[in-house]
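Worksheet: one structure, shown below.
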Amino acid sequence: MSNSLSIVILAAGKGSRMKSPKAKVLHEICGREMLYYSIKAAREITDDVIVVVAHQKDAVIAAMEKYYTGLTFVTQDAENFPGTGGAMMGVQPKYDDVLVLNGDMPLIERSSIEKFLANPADIVMSVIPLDNPSGYGRVVIENGQVLRIVEEKDASEEEKAINTVNAGVYAFKHHVLQTYIPRLSNANAQGEYYLTDVIEMARADALSIAPLYVEEIEFKGVNSKNDLAQSEIIMMDRIRRTWMDAGVIMQLPHTIYIEEGVQFEGECIVENGVRLCGNTLISHSHIKAHSVIEESVVRNSDVGPIAHLRPLSVLEGTHIGNFVEVKKSTLTGVKAGHLSYLGDATIDEGSNIGAGTITCNYDGIKKYQTIIGKNVFVGSDTQLVAPVEIADNVMIAAGTTVTAGKYESDILILSRTTIKKIPGFFSRFFGKGN
Ligand code: UD1
Ligand code: CA
């Protein structure tokens, strides 16, 4: 970690082009808010990370404090000083080298930031040549020197045709910011204080301004829901590659959705169409096609196809088959092969859950536990009306409604009505046959 660089992340804007009641930087990519990712990259380089907030600031701060401690939050006076230049007005970096980045660039990585630090110019700014530059500020360059940046809304037709754009990352010296930020004006189409105007003023004073050419794949700004989806595709690809490099087998990886909080251990297999969410751990397991796993732990198990593990499920040495839903349950050495709902349950070694078994865990007001011991054979179509506790070595007959209570070891539990046979009923009812 370098201790001589401050990083400022601008996250105070509304993001009107997102057309959302939620602040732009809180929109999620691979299960985490996009601001999480730029802070992650910044934190890998320095301990002085300053995040500028204003719009929905309490929500933004609370969201980031879930992941990070020791961030400095600065509130922008966005009413009187709107814009990216206004955002810089209250910032007090610890160090003289200050890197500024927009909070809507989730694809940025540590290596992307480090490129700026090697350059000795007074200001280093990121530029990308784009086939379609619309939405970005255009960079006017002459003889390799940046003259100024023109925002799209202020650009002439001629300037709009420039396809070299400002990616939104800059390395400044603190004293350069101290000189020019107070001189910014809001005489432009948006009535905002543009950080980008520092460039033209610094240029007029003969400071050196170096353009650093960067790749869109790391510096893409998210301004719309389309950009959000495109950035998620790129991020998801990185996540899958990382886990495949670590030894995970993926079939048709482009169909697999894996969030940032997911971890794998050992040689796991993930089949096509699987969705893995939240803080999930998959260890030495096989997840079959089209299963969904949320906030769960799966060890030495196989799950699916088309199974659903909802939050706080913990499986060890367990087989979960198709159309089985598990929620907030711990299953150790269990087989549940088909069509079941197991919620708020603890089931122990050697127990077999027949097709169609349902834990009736909710009475409309409260949730109740189902506890099943070792080697319990649960017949098909059993309802377990919780709270229910079944000791080891018990057999439950198919079709049984196990009412709430405690059941001792070495018994058969059976609830069935006696079969009646009514001769001639069919032909009388339908009026045909013999
Ligand atoms: C900005 C640049 C533009 C560049 C583009 C790259 C300016 C004036 N323009 O435009 O040249 O091509 O980024 O993506 O800087 N923010 C605040 N306070 C505000 C306004 C914005 O903190 O008052 C934050 C936003 O939360 C966002 C970032 O600054 O994270 C960029 O704001 P945005 O409105 O997206 O700027 P662009 O119009 O994209
Ligand atoms: Ca932007």
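Quick notes on this structure:
- Among (1) without any contact (Cβ under 8 Å) to a residue 60 or more places away in the chain; (2) surrounded by 14 or more Cβ atoms within 10 Å (Cβ to Cβ); (3) not in a strand (DSSP E or B) - the single one THR69 does not satisfy: (2)
- Complete set of residues in the stretch 123-140 that are in contact with a strand residue (DSSP E or B) (Cβ under 6 Å, 6 or more places away or on another chain), in contact (Cβ under 8 Å) with a residue 60 or more places away in the chain and of a type outside the set (Phe, Trp, Tyr): ILE123, VAL124, MET125, SER126, VAL127, ILE128, PRO129, LEU130, VAL139
- Among the residues listed as VAL222, VAL262, the single one being within 28 Å of ILE113 (Cβ to Cβ), touching a residue at least 12 places away in the same chain (Cβ under 8 Å), β-branched (Val, Ile, Thr) and within 16 Å of ligand 1 (Cβ to nearest atom): VAL222
- Enumerated strands (runs of 3 or more DSSP E) restricted to the stretch 315-434, each holding at least 1 residues that are farther than 27 Å from HIS290 by Cα and touching a strand residue (DSSP E or B) at 6+ places or on another chain (Cβ under 7 Å): 370-372, 383-385, 388-390, 405-407
- Note on the stretch 97-121: among residues that are within 14 Å of ligand 1 (Cβ to nearest atom) and within 14 Å of GLU218 (Cβ to Cβ), the one that is nearest to the chain's Cα centre (by Cα) is PRO106.
- Any hit, the stretch 182-193, residues being in contact (Cβ under 8 Å) with a residue 12 or more places away in the chain, surrounded by 13 or more Cβ atoms within 10 Å (Cβ to Cβ) and more than 13 Å from ligand 1 (Cβ to nearest atom): no
- Total residues in the stretch 210-242, condition within 13 Å of ligand 2 (Cβ to nearest atom) and outside any helix (DSSP H, G or I): 5
Residue-by-condition table, conditions (1) among the aromatic types (Phe, Trp, Tyr); (2) in contact with a Lys or Arg (Cβ under 9 Å, 6 or more places away or on another chain); (3) near ligand 1 (Cβ under 8 Å from one of its atoms); (4) assigned to a loop (DSSP other than H, G, I, E, B):
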residue	(1), (2), (3), (4)
SER6	no, yes, no, no
ILE9	no, no, yes, no
ALA12	no, yes, yes, yes
SER38	no, no, no, no
VAL52	no, no, yes, no
ILE61	no, no, no, no
GLY86	no, no, yes, no
VAL91	no, no, no, yes
TYR95	yes, no, no, yes
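Any read-out appearing in this document is the output of simple, stated calculations on the displayed coordinates, not a laboratory observation. Quick caveat, the model's predicted, so the values are computed rather than measured. Methodologically, a virtual Cβ is constructed for each residue, glycine included, from the backbone with ideal geometry; neighbour enumeration extends over all protein chains shown.
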